[in-house]
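The values are calculated or read from the model by the stated rules, or taken from the named source; none is laboratory data. Bear in mind the structure is a predicted one, so any value in this text is a computation, not a measurement. Please note: Cβ atoms are built from the backbone with ideal geometry, for glycine as well, and neighbour counts cover all protein chains shown.
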Ligand SMILES: Nc1ncnc2c1ncn2[C@@H]1O[C@H](COP(=O)(O)OP(=O)(O)OP(=O)(O)O)[C@@H](O)[C@H]1O
Ligand SMILES: [Mg+2]
């Protein structure tokens, strides 16, 4: 046991050294002019640019907008995906009718639809929200359906013996039985939500982190590009962690999450 | 007078290939108020099918099942069921699982707690009320499944191999517990088991079903008064006789199944 811990520690040290060496080299290479700062950025420059953006106040409206778009699109995808998933299982005819259309829409690469979304909703808030919605809704829908169908027949039998009403059967048996699978979908969708919004903002927007990113790119401000990439990554990871946290709070007592 | 009356019951499962499976054939059986009837028979002969029909969980093809003269037509508050596998809800604590039926039928909270306490003690689950099923042993889960049925105080209890997953020692304790409960609370019990010694130890009457399709092959009345002793010579002898009849039954059926 002690040996294993020691081994792990050594690996961690090695990992930290690798990162430090990489950062050190970036700093050295840019500052001595070996590599042009158009290609990579010195870590200190990334920090300075980031601080500038934050202190000058330029960052916040963009950050806020992107977060709002993600939250709105994701909430919409979660709400509709989960609701529709349960409706499909409760009314199999509905699934039969809708699933062909859903499969067809799902097969379209979402980013290719962006031009249409812009035509329909403009380049503002709405087109972004809709794209994020499209990115997430099918993952959530199909995971919910799988979960609700998995609700074992034995659970339903027990409920029938106790004369559960239809509502009780749905909310006290089917929904909790499907929860693990629903959260699976929510987690996967959270991981892709940022991809959608950043892509859309880079293509066409007047604000947002994606817009900032392409602006920095156009100005050949590579340090700022690095900073925004790091920021977006952190938001994305944080988002997934929040969903996992909710899952933990809801399910950890009875499930090993 | 509460009686289960089954007459000329037939059940065939529809198969996907058009070939149905005949599960039950011409079953007629009357279970009197307060009687303890065990059903035994080879695996796949239709015991669980019979139980689910009486429970109102499964529709039969022809014949009739009545409880107190009223046709069984869907599940009923008067009938409690203990399933072959307890199927507790993993997202509920043991106590909330046992309270499931009371919750569904909106029994007041105070009353729920009172009854819970009694059956948790009775089933020896004290200290595990707030654990989740995933944290229990197989035997504890079965006991929770039994408590979940008993706590609703049904007149009739249907039990499908309820002790199959417990070790021998726990099994004996649970059997004695069941004998006590049904004497104290005057329950009518239909009990399915594979274990002939268990059947003769518990039952007033043992019904032997033939291999599929299940027909009533033989009936045995066990008149030994309780408390019974496990080593009882008459009971052992009866179990051996049932065993012999089972073997005879499957031999007679043999030609049907060969080739
Ligand atoms: N849902 C079903 N669809 C089709 N056939 C079924 C179904 N359920 C049971 N059967 C068949 O009906 C027969 C009786 O099944 P049943 O479960 O009642 O047997 P059993 O006596 O309880 O067996 P065991 O002792 O193994 O529990 C079996 O041959 C089984 O294959
Ligand atoms: Mg069975």
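Picking from A:229, A:243, A:249, which residue would you name as being more than 21 Å from residue A:89 (Cβ to Cβ) and either within 13 Å of chain B (Cβ to nearest Cβ) or buried (at least 17 other Cβ atoms within 10 Å of the Cβ) (or both)?
A:243
Among B:32, B:77, which is surrounded by fewer than 18 Cβ atoms within 10 Å (Cβ to Cβ), within 14 Å of another protein chain (Cβ to nearest Cβ) and either away from ligand 2 (no atom under 16 Å from the Cβ) or at pLDDT 95 or above (or both)?
Criteria check complete, one pass: B:77.
Could you please find all residues in segment B:187-231 being more than 20 Å from residue B:82 (Cβ to Cβ), in a strand (DSSP E or B) and more than 15 Å from ligand 1 (Cβ to nearest atom)?
B:218, B:219, B:220, B:221 - these are the residues of segment B:187-231 that are more than 20 Å from residue B:82 (Cβ to Cβ), in a strand (DSSP E or B) and more than 15 Å from ligand 1 (Cβ to nearest atom).
Could you tell me how many of the residues in segment B:1-19 are near ligand 1 (Cβ under 8 Å from one of its atoms) and part of a loop (DSSP other than H, G, I, E, B)?
Selection size over segment B:1-19: 2.
Could you check how many residues of segment B:126-143 are in a helix (DSSP H, G or I) and either more than 12 Å from every other protein chain (Cβ to nearest Cβ) or under 13 Å from residue B:81 (Cβ atoms) (or both)?
Residues flagged as in a helix (DSSP H, G or I) and either more than 12 Å from every other protein chain (Cβ to nearest Cβ) or under 13 Å from residue B:81 (Cβ atoms) (or both) within segment B:126-143 amount to 6.
So which of B:74, B:80, B:63 ends up being in contact (Cβ under 8 Å) with a residue 24 or more places away in the chain, under 25 Å from residue A:165 (Cβ atoms) and more than 13 Å from ligand 1 (Cβ to nearest atom)?
Just a single option satisfies the conditions, and that option is B:80.
Specify which of the listed residues (A:173, A:182) is within 15 Å of residue A:246 (Cβ to Cβ), over 13 Å from the mean Cα position of the chain (by Cα), within 14 Å of chain B (Cβ to nearest Cβ) and assigned to a helix (DSSP H, G or I).
Of the residues listed, the single one that is within 15 Å of residue A:246 (Cβ to Cβ), over 13 Å from the mean Cα position of the chain (by Cα), within 14 Å of chain B (Cβ to nearest Cβ) and assigned to a helix (DSSP H, G or I) is A:182.
Taking segment B:134-161, which residues are touching a helix residue (DSSP H, G or I) at 6+ places or on another chain (Cβ under 6 Å) and within 16 Å of ligand 2 (Cβ to nearest atom)?
Within segment B:134-161, B:158, B:160 qualify.
Could you tell me whether any residue of segment B:37-44 is under 17 Å from the mean Cα position of the chain (by Cα), in a loop (DSSP other than H, G, I, E, B), within 16 Å of ligand 2 (Cβ to nearest atom) and farther than 21 Å from residue A:154 by Cβ?
Within segment B:37-44, one or more residues are under 17 Å from the mean Cα position of the chain (by Cα), in a loop (DSSP other than H, G, I, E, B), within 16 Å of ligand 2 (Cβ to nearest atom) and farther than 21 Å from residue A:154 by Cβ.
Would you check which residues across segment B:37-48 are surrounded by fewer than 24 Cβ atoms within 10 Å (Cβ to Cβ) and either more than 7 Å from ligand 1 (Cβ to nearest atom) or modelled with pLDDT of 95 or more (or both) and list them?
B:37, B:42 - these are the residues of segment B:37-48 that are surrounded by fewer than 24 Cβ atoms within 10 Å (Cβ to Cβ) and either more than 7 Å from ligand 1 (Cβ to nearest atom) or modelled with pLDDT of 95 or more (or both).
Just a yes or no: is a residue in segment B:49-59 more than 16 Å from residue A:157 (Cβ to Cβ), more than 16 Å from ligand 2 (Cβ to nearest atom) and either buried (at least 17 other Cβ atoms within 10 Å of the Cβ) or assigned by TED's automatic domain parsing to the domain that holds residue B:140 (or both)?
Looking for residues that are more than 16 Å from residue A:157 (Cβ to Cβ), more than 16 Å from ligand 2 (Cβ to nearest atom) and either buried (at least 17 other Cβ atoms within 10 Å of the Cβ) or assigned by TED's automatic domain parsing to the domain that holds residue B:140 (or both), one finds none in segment B:49-59, hence no.
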